[in-house]
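Take this structure, written in structure tokens, and hold onto it; I'll ask about it next.
The values are calculated or read from the model by the stated rules, or taken from the named source; none is laboratory data. Computed from a predicted model, the values in this text were never measured in an experiment. FYI the Cβ positions are ideal-geometry reconstructions off the backbone, even for glycines, and counts take in every protein chain you see.
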Amino acid sequence: MQGRTLVTGVIGADTHIVGNRILSMALEKAGYRVVALGALTPAADFVKAAVETAADAIMVSSLYGQGEIDCRGFRDHCVEAGLDDILIYLGGNLVVGKQPWAEVEQRFLAMGFDRAFPPGTRIEDVLGTLAADFAAREGGERMDAGLATPWASRQGVPRP
Amino acid sequence: MSMALLVDFGSTWTKVRAVDLEAARVVASAQGPSTVGSDITVGLEQALAALHATLGEVPRYRYRLGSSSAAGGLKMVTIGLVRELTAEAARQAALGAGARLVGCYAYRLTRADLREIEARQPDIVLLCGGTDGGNREIILYNAGMLAGSGLSCPVVVAGNRDVGDEVLERLPGARLCANVMPEFNVLATDPARALIREVFMSRIVQAKGIDRARGLLDDVVLPTPAAVLEGAELLAAGPGGEGGLGPLIVVDPGGATTDVHSIGEGEPAAGVVRLGLPEPHAKRTVEGDLGMRHNAASIVDSCGAEAIAADAGVPVARLHRLLASIAADVERLPADADEAALERGLARAAIRLAMRRHAGTVETVQTAHGPVQVQRGKDLGRVATLIGTGGVLVHAARPEVLLGAALAQPGDPFSLAPAAATLFIDRDYALFASGLLARADRRVAFELARNGLVPLEKAHHDKHANA
């Protein structure tokens, strides 16, 4: 945990800050360096903050049902900024209406997010997953984010 | 009578002010030519002779301090990582130190960038990049690039503190100070400002031959724009940090640029959300395309010939003729009433646009919870004091007509320019003198700046306010 930097924020025209703030506090308590961008954060600002602070992961919240529009191209943005391998997580009320979570998750993983979390996810689960993902990276393994292949090969981008 | 001598070595004039320290007032003003190209003391001697003729004596000065914007001003290049983050923080730090920016770079420097920087011959390079504990690669890369360049000017380093030592290994002789952005979105430009000023005093003044004046002065301590900014800061804060005028704005339309200084936090109004990089308490902007003489044509490009001619109440063809004659001879004075009106129109346009660029903006963003007001930059809407300085305003017949253009315009509801400030003119050019004197005596310096302010009548934004 020590020395890891995480960027958190609520994406798009979304003002729901409470859950994101609780998450940020919990991450800080767990020993991470947290760069909290707060509400109403454009996708580009997450990426710029991650570049400047050399972040290890970006944790995106979306609570108002427009996540799919706001998050489109997020991984491409990261790749463009030279953050090819940065871990990106997403959580909240990602879509409008009742849709099966497995489908929703699949959709966001296909966009290049490493993890997507449904409403009601416990903080402990996020911390556990994060620690495991970082440990896997430390061990030199590519992560399997719930799909058969890691992100890069899903996108057809060769890995160095 | 206890006196101080304050000198501004400008690019055209060497301006001198004699200040009575008990009354805290400018008692005599004079100027001589700028002779920095040959021997700076020649113009100073002339100015002093004129000053002492006015005074009828050669006083024994308690303080003799100078500022300089001669020899191209303090030319600086700034380098950061992300354009809107550390690269912007570096820019703000350099502007706050009174620099004239000749290049601002972000991300990795290329060889073409280096050639450009070498050609622009900066006096100081400010190298930033990465928050503390953040990105290390780019600042190290850029330090390596600078080390391999033909530049010999001082480098000030104010980036990620983790790699400070490594940067110095690559750039021996560079000066290190605290990061301009120690944490994400935290602007901390004061250490870099202070170090830039120190380097200016210890090295640049010599390099430009300004130190020859040291026989006639105690020291040349600041770039002139930094002296004006310090005078404005003191005026706002008060000598002991209280009793000042509170948040204020200083507008200085010049021949080549229009400078705006604002002192204050620019906090959002109730219910408004502030986004983006915080801005410095003492913020300075320099509009390099808005100058009454050298950049008159680009004022027209930005503001529109029709609008400026209409504001002056003069046919637009006349404006084009005037621009051509200014381009042919920048020293030219208005030949008739129409030209004088057009010059006022140009000044108003430059001031209006410079203020709009300096002030923050507010816009409405539609969210699921309804509309939210989002502010970027400073809200200067409630600033109560608006001060004009510099020759263009001081020599204007009705400076309030020009300065009034800085107030919020009904046609631009998104700008956070001051709504209803009281207008003042810095008649004796006391602000720069105050900024210099602040180093020696803050109380007298504060009184000097305040005593120099002359209130102007409230201006109106009538279409033909010029007439």
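Do the conditions hold for B:LEU74, that is, is it under 28 Å from the mean Cα position of the chain (by Cα), within 12 Å of another protein chain (Cβ to nearest Cβ) and in contact (Cβ under 8 Å) with a residue 60 or more places away in the chain? Spell out how you get there, then give the answer.
On the way: under 28 Å from the mean Cα position of the chain (by Cα): yes; within 12 Å of another protein chain (Cβ to nearest Cβ): no; in contact (Cβ under 8 Å) with a residue 60 or more places away in the chain: yes.
No.
Do we have B:LEU85 as at pLDDT below 95 and within 30 Å of B:CYS128 (Cα to Cα) here?
yes
Oh, and also: With the condition kept exactly as written, say whether any residue in the range B:291-312 is within 28 Å of B:GLU233 (Cα to Cα) and crowded, with 20+ Cβ neighbours inside 10 Å. It would help to see each step written out before you state the result.
Residues of the range B:291-312 that are within 28 Å of B:GLU233 (Cα to Cα), as a first pass: B:291-292.
Subset that is crowded, with 20+ Cβ neighbours inside 10 Å: B:291-292.
Yes - at least one qualifying residue is present in the range B:291-312.
Considering only residues that are within 25 Å of A:ASP76 (Cβ to Cβ) and within 11 Å of chain B (Cβ to nearest Cβ), which ones fall in the range A:10-31? It would help to see each step written out before you state the result.
First pass over the range A:10-31, keeping only residues within 25 Å of A:ASP76 (Cβ to Cβ): A:10-14, A:20, A:23.
Result: A:VAL10, A:GLY12, A:ALA13, A:ASP14.
Just to confirm my filter: which helices (runs of 4 or more DSSP H) fall fully inside the range A:9-128 and include at least 3 residues that are of a type in the set (A, V, I, L, M, F, W, C)? Give the steps one after another, and end with the answer.
Details: elements: A:18-29, A:43-53, A:67-71, A:74-80, A:101-110.
Hits in the range A:9-128: A:18-29, A:43-53, A:74-80, A:101-110.
Right, something else. So which of B:GLN409, B:GLN366 is polar (S, T, N, Q) and farther than 21 Å from B:ARG344 by Cα? Walk me through it before giving the result.
Numbers: B:GLN409 fails: farther than 21 Å from B:ARG344 by Cα.
Within the list B:GLN409, B:GLN366, the selection yields B:GLN366.
Going through the range A:56-92 one residue at a time, which ones are hydrophobic (A, V, I, L, M, F, W, C), closer than 15 Å to A:MET111 by Cα and within 13 Å of chain B (Cβ to nearest Cβ)?
A:ILE58, A:ILE69, A:ILE86
Just the residues that are among the hydrophobic types (A, V, I, L, M, F, W, C), at positive phi and touching a Leu at 6+ places or on another chain (Cβ under 9 Å), please, taken from the range A:37-68.
Of everything in the range A:37-68, just one residue is among the hydrophobic types (A, V, I, L, M, F, W, C), at positive phi and touching a Leu at 6+ places or on another chain (Cβ under 9 Å), namely A:LEU40.
Another question, if that's okay. Say whether the condition of being in contact with a Phe, Trp or Tyr (Cβ under 7 Å, 6 or more places away or on another chain), more than 15 Å from B:GLY388 (Cα to Cα) and surrounded by fewer than 17 Cβ atoms within 10 Å (Cβ to Cβ) is met by at least one residue in the range B:183-197.
Step one: filter the range B:183-197 for residues in contact with a Phe, Trp or Tyr (Cβ under 7 Å, 6 or more places away or on another chain), giving none.
For the range B:183-197, residues in contact with a Phe, Trp or Tyr (Cβ under 7 Å, 6 or more places away or on another chain), more than 15 Å from B:GLY388 (Cα to Cα) and surrounded by fewer than 17 Cβ atoms within 10 Å (Cβ to Cβ): absent.
Residue-wise test of (1) modelled with pLDDT of 95 or more; (2) more than 29 Å from the chain's Cα centre (by Cα); (3) closer than 13 Å to B:LYS75 by Cβ; (4) not acidic (Asp, Glu).
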residue: B:LEU109; (1), (2), (3), (4): yes, no, no, yes
residue: B:ASP113; (1), (2), (3), (4): yes, no, no, no
residue: B:ILE117; (1), (2), (3), (4): yes, no, yes, yes
residue: B:ILE124; (1), (2), (3), (4): yes, no, yes, yes
residue: B:ASP132; (1), (2), (3), (4): no, no, no, no
residue: B:ASN135; (1), (2), (3), (4): no, yes, no, yes
residue: B:GLY144; (1), (2), (3), (4): yes, yes, no, yes
residue: B:VAL155; (1), (2), (3), (4): yes, no, no, yes
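Separate question: Please find, among B:ALA349, B:ALA359, B:ALA354, the residue that is out of contact with any strand residue (DSSP E or B) (no Cβ under 6 Å at 6 or more places or on another chain), in the same structural domain as B:GLY254 (by TED's automatic domain parsing), at pLDDT 90 or above and among the small types (Gly, Ala, Ser).
Numbers: B:ALA359 fails: out of contact with any strand residue (DSSP E or B) (no Cβ under 6 Å at 6 or more places or on another chain); B:ALA354 fails: out of contact with any strand residue (DSSP E or B) (no Cβ under 6 Å at 6 or more places or on another chain).
Only one candidate qualifies: B:ALA349.
Would you mind finding the one in B:LEU436, B:LEU448, B:LEU402 that is in contact with a Gly (Cβ under 8 Å, 6 or more places away or on another chain), closer than 19 Å to B:GLY231 by Cα and in the same structural domain as B:LEU248 (by TED's automatic domain parsing)? Break it down stepwise before answering.
Details: B:LEU448 fails: in contact with a Gly (Cβ under 8 Å, 6 or more places away or on another chain); B:LEU402 fails: closer than 19 Å to B:GLY231 by Cα.
Matching residue, one of B:LEU436, B:LEU448, B:LEU402: B:LEU436.
Within the range B:364-457, considering only strands (runs of 3 or more DSSP E) that don't extend past its boundaries, which have at least 2 residues that are surrounded by fewer than 23 Cβ atoms within 10 Å (Cβ to Cβ), touching a residue at least 24 places away in the same chain (Cβ under 8 Å) and within 14 Å of chain A (Cβ to nearest Cβ)? Talk me through it step by step, then tell me what you get.
Details: elements: B:370-376, B:385-388, B:422-426, B:453-455.
Qualifying strands (runs of 3 or more DSSP E): B:370-376.
Sticking with this structure for a sec: Can we say A:VAL34 is more than 9 Å from chain B (Cβ to nearest Cβ), buried (at least 18 other Cβ atoms within 10 Å of the Cβ), within 12 Å of the chain's Cα centre (by Cα) and at pLDDT 95 or above?
Numbers: more than 9 Å from chain B (Cβ to nearest Cβ): yes; buried (at least 18 other Cβ atoms within 10 Å of the Cβ): yes; within 12 Å of the chain's Cα centre (by Cα): no; at pLDDT 95 or above: yes.
Spelling it out, it is not the case that A:VAL34 is more than 9 Å from chain B (Cβ to nearest Cβ), buried (at least 18 other Cβ atoms within 10 Å of the Cβ), within 12 Å of the chain's Cα centre (by Cα) and at pLDDT 95 or above.
What is the one condition in (1) surrounded by 24 or more Cβ atoms within 10 Å (Cβ to Cβ); (2) more than 10 Å from chain A (Cβ to nearest Cβ); (3) farther than 26 Å from B:GLU198 by Cβ that B:VAL82 does not satisfy?
Status for B:VAL82: all satisfied but (2).
While we're on this one: Could you tell me which residue of the range B:121-159 is surrounded by the most Cβ atoms within 10 Å (Cβ to Cβ), considering only residues that are within 14 Å of chain A (Cβ to nearest Cβ) and at positive phi?
My answer is B:GLY129.
Let me ask you something else. Does B:ALA18 meet the test of being surrounded by fewer than 24 Cβ atoms within 10 Å (Cβ to Cβ), at pLDDT 95 or above and within 24 Å of the chain's Cα centre (by Cα)?
Spelling it out, B:ALA18 is indeed surrounded by fewer than 24 Cβ atoms within 10 Å (Cβ to Cβ), at pLDDT 95 or above and within 24 Å of the chain's Cα centre (by Cα).
Conditions (1) hydrophobic (A, V, I, L, M, F, W, C); (2) on the phi > 0 side of the Ramachandran plot, marked per residue:
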{"position": "B:ASP336", "(1), (2)": "no, no"}
{"position": "B:LEU342", "(1), (2)": "yes, no"}
{"position": "B:GLY345", "(1), (2)": "no, no"}
{"position": "B:ALA349", "(1), (2)": "yes, no"}
{"position": "B:LEU353", "(1), (2)": "yes, no"}
{"position": "B:ALA359", "(1), (2)": "yes, no"}
{"position": "B:VAL365", "(1), (2)": "yes, no"}
{"position": "B:GLY377", "(1), (2)": "no, yes"}
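Conditions: (1) closer than 20 Å to B:VAL260 by Cα; (2) touching a Leu at 6+ places or on another chain (Cβ under 7 Å); (3) part of a loop (DSSP other than H, G, I, E, B). B:VAL314 meets all but one. Number of the miss?
(1)
If I filter the range A:52-67 down to residues being surrounded by fewer than 24 Cβ atoms within 10 Å (Cβ to Cβ) and over 11 Å from the mean Cα position of the chain (by Cα), which single residue comes out as nearest to A:THR121 (Cα to Cα)? Even if it seems obvious, please write down each step before you answer.
The first filter runs over the range A:52-67 and keeps only residues surrounded by fewer than 24 Cβ atoms within 10 Å (Cβ to Cβ), leaving A:54, A:56-57, A:63-66.
Cutting the leftovers down to over 11 Å from the mean Cα position of the chain (by Cα) gives us A:54, A:63-66.
Details: A:ALA54: 27, A:LEU63: 13, A:TYR64: 16, A:GLY65: 16, A:GLN66: 19 Å.
For the range A:52-67, the residue satisfying everything is A:LEU63.
For the range B:285-308, which residues satisfy the criterion of being within 28 Å of the chain's Cα centre (by Cα), of a type outside the set (S, T, N, Q) and in a helix (DSSP H, G or I)? Give the derivation first.
In the first step, residues of the range B:285-308 are kept if they are within 28 Å of the chain's Cα centre (by Cα); the result is B:285-305, B:307-308.
In the following step, the residues that additionally are of a type outside the set (S, T, N, Q) were identified as B:286-294, B:296-297, B:299-301, B:303-305, B:307-308.
Passing the criteria: B:ALA296, B:ALA297, B:ILE299, B:VAL300, B:ASP301, B:CYS303, B:ALA305, B:ALA307, B:ILE308.
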